[in-house]
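The values are calculated or read from the model by the stated rules, or taken from the named source; none is laboratory data. Just so it is clear, the structure is predicted and the values come from calculations on it, not from any experiment. Note that each Cβ is placed from the backbone with ideal geometry, even for glycine, and that neighbours are counted across all protein chains shown. The protein model used for the area step is the full one, side chains on, heavy atoms only, and it has no ligands, DNA or RNA in it. Shrake-Rupley method; radii C 1.70, N 1.55, O 1.52, S 1.80 Å.
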Amino acid sequence: MVKTNPHDHELYRFKLEELRRLAEALNYSVVGELIQVRVKPAVDYVFGWGKVVELKSIVSSTGVDTVIFYNTLTGKQKFNLERFLGRRVIDRYELTLEIFSSMASDEVSKLQIEVARLSKSFTYDRIILAEKYRIGREHPNLRSRGEYIYRNQIGSLKRRLSKLKEKMDKYLEMQKMQLEKRRSLGLPLVCITGYYNAGKTTLFNALTGLRKPVSPLPFTTLSSKYYLAQGIARRFFLVDTIGFVYDLDPMMIESFKLTLNDIVQSDLTLLVADISEREDVLRFKVETVSSILEDTLGVDESRIILVLNKVDLVDPVTLSKRLSSIADYSRRYPSVVVSASKGYNLEYLLRFVESSLESIRDTIYAKF
Ligand SMILES: Nc1nc2c(ncn2[C@@H]2O[C@H](COP(=O)(O)OP(=O)(O)OP(=O)(O)O)[C@@H](O)[C@H]2O)c(=O)[nH]1
Ligand SMILES: [Mg+2]
């Protein structure tokens, strides 16, 4: 990892812990970590030359097969590092996509993952093809066909990506129609969002009586699930969505717009957070998700309710400490403490959701 801010000790520790957790979710066993503080990542190798050489000696002595960078790598950096280290090199973006792929079972998720993968690897693939072309040119008998093959392969990568994007546009169209159909029923949409593993699906299941897959692994849910839920006094559509991660890449957001649209189009958003997490981790996660919701997706803060889940795991003293500090950084969202798995306080949450829907009734799209 290249750390560009020498003062963010807590944050970089959290980022590395998270990277390790993601790697371990794919059964990588992590043998070491390397950090360099630089004003900005080096253009050719991310690390400065001395650090790359140090990395190579670690790679050789430990015999690792994959080097994972926290920083998003350009195609050129990935290519240079792979060539110099003689190992497979991936970044956090690609690692996340690997987890997505291992979890994906439906067509929409697979499509979004493929778009994200191809968009990310395009420059890298082009460098690899150019390299093959260069080697080909050094063999005179291959020269005439080399350039033709090179252009053809670049063209086919581009065509594949634009075909997948066309397919995605069709899904977006279908999604719009489904939304209009739901809107025509005059029922509001309430979505469940949050960092991965916060307990979103457990809450969705508890409120709907369904048994959608739940697990401690990251990104168990990839595509949104809709259900017509019966609250205390009214019905509404409840939507379970994909979990977020720290430092989400804009390219990833663009590739997953089908899923993220479900959040944008909702009338009310439940931001689920795990209150049993370490104080600083909880803060990073709540800040990350609220920034994505408000600053990236444009969700209005008056439409967000903070749901502090897993309260069964904290003692009353910790709970009151967490509640007083969370008020400082949670952008003044109203909050409700629950335990989705134990069913604690869910009735209160439902009442709160329904009264919030009532209070924004005049301003929301679905005039239920
Ligand atoms: N103790 C406790 N564990 C919970 C609670 N809610 C969820 N969990 C556990 O937390 C883990 C994650 O739960 P999920 O419901 O899959 O979380 P998620 O937010 O949907 O996760 P992703 O789909 O991966 O983003 C599971 O092991 C759940 O059993 C809770 O209220 N208390
Ligand atoms: Mg889930």
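Take segment 28-56 and flag every residue that is surrounded by 19 or more Cβ atoms within 10 Å (Cβ to Cβ) and in a helix (DSSP H, G or I). Listed by number, the residues that qualify are VAL52, LEU55. Selection within segment 217-238: residues that are aromatic (Phe, Trp, Tyr) and more than 9 Å from ligand 2 (Cβ to nearest atom). The member of this set that is farthest from SER255 (Cα to Cα) is PHE236.
Here SER276, SER359 are screened, and the one residue that is surrounded by fewer than 14 Cβ atoms within 10 Å (Cβ to Cβ) and of a type outside the set (D, E, K, R) is SER359. In this structure, does LYS200 turn out to be within 16 Å of ligand 1 (Cβ to nearest atom), under 30 Å from VAL281 (Cα atoms) and open to solvent by 30 Å² or more (accessible area, probe 1.4 Å)? The answer is no for LYS200. Inspection of segment 316-333 identifies at least one residue that is in contact (Cβ under 8 Å) with a residue 60 or more places away in the chain and more than 16 Å from ligand 2 (Cβ to nearest atom). Selection of first residues in segment 193-214 that are on the phi > 0 side of the Ramachandran plot and of second residues that are near ligand 2 (Cβ under 8 Å from one of its atoms) and at pLDDT 95 or above, restricted to Cβ pairs under 6 Å at least 6 apart or on distinct chains, gives the following pairs, ordered by first then second residue: GLY194/LYS200. For segment 64-85, residues that are outside any helix (DSSP H, G or I), farther than 22 Å from TYR246 by Cα and open to solvent by 50 Å² or more (accessible area, probe 1.4 Å) total 1. If you go through segment 148-166 one residue at a time, do you hit one that is of a type in the set (Ser, Thr, Tyr) and open to solvent by 100 Å² or more (accessible area, probe 1.4 Å)? Yes: segment 148-166 contains one or more residues that are of a type in the set (Ser, Thr, Tyr) and open to solvent by 100 Å² or more (accessible area, probe 1.4 Å). Cβ-Cβ distances below 7 Å connect the following pairs, each with a first residue in segment 116-128 that is touching a residue at least 24 places away in the same chain (Cβ under 8 Å), a second residue that is of a type in the set (S, T, N, Q) and surrounded by 17 or more Cβ atoms within 10 Å (Cβ to Cβ), and a separation of six or more residues or different chains: ALA116/SER255; SER119/SER255; THR123/THR74. Among the residues of segment 203-216, those identified as over 16 Å from THR269 (Cα atoms) and near ligand 2 (Cβ under 10 Å from one of its atoms) are ASN205, LYS212, PRO213, VAL214, SER215. If the condition is being over 23 Å from ARG283 (Cα atoms), open to solvent by 50 Å² or more (accessible area, probe 1.4 Å) and touching a residue at least 12 places away in the same chain (Cβ under 8 Å), then segment 1-27 contributes no residue at all. Among the residues of segment 291-311, those that are open to solvent by less than 20 Å² (accessible area, probe 1.4 Å), closer than 16 Å to VAL190 by Cα and without any contact (Cβ under 8 Å) to a residue 60 or more places away in the chain comprise VAL299, ILE304, ILE305, LEU306. The residue list TYR226, TYR246 contains one member that is closer than 19 Å to GLU294 by Cα and not charged (D, E, K, R), which is TYR246. Given the criteria touching a strand residue (DSSP E or B) at 6+ places or on another chain (Cβ under 7 Å) and over 27 Å from SER224 (Cβ atoms), does THR62 qualify? It is false that THR62 is touching a strand residue (DSSP E or B) at 6+ places or on another chain (Cβ under 7 Å) and over 27 Å from SER224 (Cβ atoms). Taking the criterion of being within 14 Å of ligand 1 (Cβ to nearest atom), of a type in the set (Gly, Ala, Ser) and closer than 18 Å to VAL307 by Cα, the residues of segment 204-260 that qualify are ALA206, GLY243.
For SER324, the stated conditions do not hold, so it cannot be described as part of a helix (DSSP H, G or I), of a type in the set (S, T, N, Q) and open to solvent by less than 60 Å² (accessible area, probe 1.4 Å). For segment 86-102, which positions are over 14 Å from VAL2 (Cα atoms) and assigned to a helix (DSSP H, G or I)? Selection gives TYR93, GLU94, LEU95, THR96, LEU97, GLU98, ILE99, PHE100, SER101, SER102. Of the residues screened, LYS110 is one that is at pLDDT 90 or above, open to solvent by 40 Å² or more (accessible area, probe 1.4 Å) and either at positive phi or outside the structural domain of LYS40 (by TED's automatic domain parsing) (or both).
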